[in-house]
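These notes concern the structure reproduced below.
The values are calculated or read from the model by the stated rules, or taken from the named source; none is laboratory data. The structure displayed is predicted, hence computed values, not measured ones. Note that we place each Cβ from the backbone using ideal geometry, even for glycine, and neighbour counts take in every protein chain shown. To get the accessible areas, we keep the full protein, side chains included, count just its heavy atoms, and leave off ligands, DNA and RNA. Shrake-Rupley method; radii C 1.70, N 1.55, O 1.52, S 1.80 Å.
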Amino acid sequence: MKSFGFLSFGHYDNGGDLDAGQMLRDAVEISVGADELGVNGAYFRVHHFATQAASPIPLLSMIAGKTSRIEVGTGVIDMR
């Protein structure tokens, strides 16, 4: 297999239990695990009206700092 990546479609909380910090920690943990498995790319959707995902650069920077091989970026820019 040449390359394999994933696009995060967001972190929706229907019960109200998760906060922005938990969403970001989960995204980093998933990306680190994907890097360890040999996944080549992690791309995150930008949710302009969701405060936890309105600015992806800090999230992508954290993932890049904790991984060694995976490519990170934005996959979809949601301009409602």
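Some notes on this structure:
- Tally, over segment 61-80, of residues that are modelled with pLDDT of 90 or more and open to solvent by 40 Å² or more (accessible area, probe 1.4 Å): 9
- The set of residues in segment 14-47 being surrounded by 13 or more Cβ atoms within 10 Å (Cβ to Cβ), part of a loop (DSSP other than H, G, I, E, B) and at pLDDT below 75 consists of Leu18 alone.
- Where a residue in segment 59-70 is in contact (Cβ under 8 Å) with a residue 24 or more places away in the chain and its partner, wherever it lies, is open to solvent by 70 Å² or more (accessible area, probe 1.4 Å), with Cβ under 9 Å and at least six apart: Thr67/Glu36
- Residue pairs meeting the criteria (Cβ under 6 Å; at least 6 apart or on separate chains; first within 18 Å of Gly75 (Cα to Cα), in segment 1-26; second at pLDDT 75 or above and part of a loop (DSSP other than H, G, I, E, B)): Ser3/Asn40; Phe4/Val39; Phe4/Asn40; Gly5/Asn40
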